[in-house]
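Notes to accompany the following structure.
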Amino acid sequence: MDKPRVLIPRGEIEKKVAELADELRRDYQDKHPILIGILKGSFVFMSDLIRKLNIPVEIDFVRLSSYGSGKETSGKIKLAQGVKTPIRGRHVLVIEDIVDTGLTVRFLFDSLGRRKPASLKLCTLLDKPSRRVVDVPIDYLGFTVPDAFIVGYGLDFDEKFRYLPDVCVLEEQK
Ligand code: PRP
């Protein structure tokens, strides 16, 4: 079984989430934004972030999936649950755990953009630019990570390790 090694410890994550929340509070204070989390991976980050934000927000979730049960993205995005909240004329902030190829975010932004929100921005905890296939603008970023398989703090491998409190790298056991 592969073994997780800590890449970003929980203390650093907590500090970064607080910094992001400060920045977002300044930008969204009077905008009553809708935060849309991309399930499942973003649920831990989003729940920490909204509690640090401490301004009125609405939340919704979308469930998209690009990985099967392996370590490589299938490249095909499946929509399992769409956004029901009306977003026309509203300020929308998408919350993601990691941007890898960019296909998930591109798919979501294309579909949300057609619904004419007042603004549409992206906040992601992690960015893995080495794997990018399509260009996506990241408005708020936590950390840039290397091209390794990342688990923990909501991220999984085959539905395992989401519960780990640190961001970890999955290393193959020799
Ligand atoms: C992961 C991750 C992102 C997406 C990023 O989700 O949570 O949503 O992949 O990859 P991309 O930039 O290459 O599209 P996954 O499809 O594994 O689903 P999950 O969040 O339910 O684990």
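The values are calculated or read from the model by the stated rules, or taken from the named source; none is laboratory data. As the structure is a computational prediction, the values presented were derived from the model and not from experiment. Counting neighbours? That spans all protein chains shown, and the Cβs are built from the backbone with ideal geometry, glycine included. Heavy atoms of the whole protein, side chains included, go into the accessibility calculation; ligands, DNA and RNA do not. Shrake-Rupley method; radii C 1.70, N 1.55, O 1.52, S 1.80 Å.
Observations, loosely collected:
- So residue 165, is it part of a loop (DSSP other than H, G, I, E, B) and in contact (Cβ under 8 Å) with a residue 40 or more places away in the chain: yes
- Qualifying residue in the stretch 13-27 (condition: more than 16 Å from the ligand (Cβ to nearest atom), free of Cβ contacts under 8 Å to residues at least 60 places away in the same chain and part of a loop (DSSP other than H, G, I, E, B)): no
- A residue that is at pLDDT 95 or above, within 11 Å of the ligand (Cβ to nearest atom), over 30 Å from residue 31 (Cβ atoms) and not in a loop (DSSP other than H, G, I, E, B) cannot be found anywhere in the stretch 111-132.
- Residue pairs whose Cβ atoms lie under 8 Å apart, sitting 6 or more positions apart in sequence or on different chains, and linking a residue in the stretch 54-65 that is on the phi > 0 side of the Ramachandran plot and surrounded by fewer than 17 Cβ atoms within 10 Å (Cβ to Cβ) to a partner that is outside any strand (DSSP E or B) and modelled with pLDDT of 95 or more, are 54/21; 54/25.
- Considering only residues in the stretch 83-109 that are open to solvent by 30 Å² or more (accessible area, probe 1.4 Å), outside any strand (DSSP E or B) and not aromatic (Phe, Trp, Tyr), the one that is nearest to the ligand (Cβ to nearest atom) turns out to be 103.
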